[in-house]
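Visitor: Could you have a look at this structure, given as structure tokens, before my questions?
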Amino acid sequence: MQLFRFANPDFLYLLLLLPVVILLYIINEIRKKRALRRLGDINLVGSLVPELSKIRPVVKFILQLIAFSAGIIMLSRPQFGSKIEDVKKQGVEVIIALDVSNSMLAEDIQPDRLTRAKQAISRLVDNLDNDKIGLIVFAGDAYTQIPVTTDYVSAKMFLSTINPDIVPKQGTAIGSAISLGIRSFSPGEEKSKAMIIITDGENHEDDPVTNAEEASKAGIIIHTIGIGSTEGVPVPVITNGKTDYLKDVDGNTVITKLDEDILKKIAITTNGKYVRASNSNIGLDEIFSEIRKMKKQELESTMYTEYNDQFQIFAAIALFLLMVDFILMERKNKRLANIRLFKFKV
């Protein structure tokens, strides 16, 4: 569902020109002042040219800048949804549970485990069509980041903000993620529910196999992706611009290892599949190929199918400001000298 949108969003990139225009204006004003200083004392020059206004050129520039911005928004065609329609699609519901514990910052998968997993999820979202997707993040506990949705744009936006700092408790509670996933699927849907867990598998908090058994009873298939090396690597930590390695309470360097056994047990318990991630392939595409084989269910979603243009408002603003700019002269008018606008003489 999308209430507001831009029909031509590419024009919004023109707004990036605004800082450049402002910078050029400031540079031009500095050059003008330097030129006046070469003629003599600025105050003396001002008294010789009493009709010269300091504030009018600034006001005109601001008016032009706002009119330019309004014109860009007008070209982008802002629209509001005007007609809601319930659309029924055939697809599956997929919830991805992503480990965001500190160990996911290990660099045995380049550039690091977490970044690589986020990149793979982003590419997967790009290839979705009618399926619903949700995202759970977990460390010492599990949290819903994105409820199941077909709003792929929002899903990618929230995905980009994920890092270990978004969870208050560190650790790796895979069982909590599974339990939350069971509760997160749409109610009343009996088929085509799949969960993908991406983690290094170092579970410290609970018994995920027991939770996997509950998921299996609920008809949920869990696929697992093990990310990292079984040999173990240290976890880099950047402090004050310097790279160090995560230490335990005794001051020893923490070594994080991939625990494949627990992830294989979870997958087997729910008739899912386990995949070992590598630098070249995280494994999401392989698992999603298995999910595509599941029986698709009818997914109902509400969306706006008609939009009303609202660019006329911004066109009127731009036109009005340009008219004011045209009427307002840079030099003072003796007849209007005593008129005060914005509490200063113009």
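Visitor: Could you identify the single residue in 231, 300, 214 that is modelled with pLDDT of 90 or more and acidic (Asp, Glu)?
Guide: 214
Visitor: Read through the list (1) free of Cβ contacts under 8 Å to residues at least 60 places away in the same chain; (2) touching a Leu at 6+ places or on another chain (Cβ under 9 Å), then give the number of the only condition that residue 256 fails.
Guide: Status for residue 256: all satisfied but (1).
Visitor: Something else: Of all the residues that make up segment 112-124, how many are under 19 Å from residue 232 (Cβ atoms) and either surrounded by fewer than 19 Cβ atoms within 10 Å (Cβ to Cβ) or touching a strand residue (DSSP E or B) at 6+ places or on another chain (Cβ under 9 Å) (or both)?
Guide: 4
For (1) in contact with a strand residue (DSSP E or B) (Cβ under 7 Å, 6 or more places away or on another chain); (2) not in a helix (DSSP H, G or I), each residue gets a yes or a no:
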| residue | (1), (2) |
| --- | --- |
| 96 | yes, yes |
| 108 | yes, yes |
| 157 | no, no |
| 170 | no, yes |
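Visitor: Filter segment 148-194 for residues that are in contact (Cβ under 8 Å) with a residue 60 or more places away in the chain, β-branched (Val, Ile, Thr) and under 13 Å from residue 94 (Cα atoms) and give the result.
Guide: Correct list: 150, 178.
Visitor: Ok, one more. Looking at residue 133, is it assigned by TED's automatic domain parsing to the domain that holds residue 220, part of a strand (DSSP E or B), β-branched (Val, Ile, Thr) and in contact with a Leu (Cβ under 7 Å, 6 or more places away or on another chain)?
Guide: no
Visitor: Follow-up. So which residues in segment 125-147 are over 18 Å from residue 201 (Cα atoms) and surrounded by fewer than 20 Cβ atoms within 10 Å (Cβ to Cβ)?
Guide: 125, 126, 127, 128, 129, 130, 144, 147, listed by residue number.
Visitor: Considering (1) at pLDDT below 65; (2) in contact with a helix residue (DSSP H, G or I) (Cβ under 7 Å, 6 or more places away or on another chain), say which one residue 333 fails and leave the rest.
Guide: (2)
Visitor: Quick test for you: out of 222, 266, 262, pick the one residue that is assigned to a helix (DSSP H, G or I), touching a residue at least 24 places away in the same chain (Cβ under 8 Å) and in contact with a Gly (Cβ under 7 Å, 6 or more places away or on another chain).
Guide: 262
Visitor: Does residue 245 satisfy the condition of being in the same structural domain as residue 125 (by TED's automatic domain parsing) and surrounded by fewer than 16 Cβ atoms within 10 Å (Cβ to Cβ)?
Guide: It is true that residue 245 is in the same structural domain as residue 125 (by TED's automatic domain parsing) and surrounded by fewer than 16 Cβ atoms within 10 Å (Cβ to Cβ).
Visitor: Looking at 295, 257, which one is at pLDDT below 85 and charged (D, E, K, R)?
Guide: 295 is the lone residue from the list that is at pLDDT below 85 and charged (D, E, K, R).
Visitor: Still on this structure, I have one more. What is the residue count in segment 225-259 for residues that are assigned to a strand (DSSP E or B) and touching a helix residue (DSSP H, G or I) at 6+ places or on another chain (Cβ under 8 Å)?
Guide: Matching residues across segment 225-259 total 5.
Visitor: Quick check on segment 74-87. Is at least one of its residues in contact with a Leu (Cβ under 8 Å, 6 or more places away or on another chain) and exposed (fewer than 15 other Cβ atoms within 10 Å of the Cβ)?
Guide: Yes, there is a match, as at least one residue in segment 74-87 is in contact with a Leu (Cβ under 8 Å, 6 or more places away or on another chain) and exposed (fewer than 15 other Cβ atoms within 10 Å of the Cβ).
The values are calculated or read from the model by the stated rules, or taken from the named source; none is laboratory data. What you are looking at is a predicted structure, and each value in this text was computed from that prediction instead of being measured. Cβ sites come from the backbone with ideal geometry, for glycine too, and all protein chains shown count toward neighbours.
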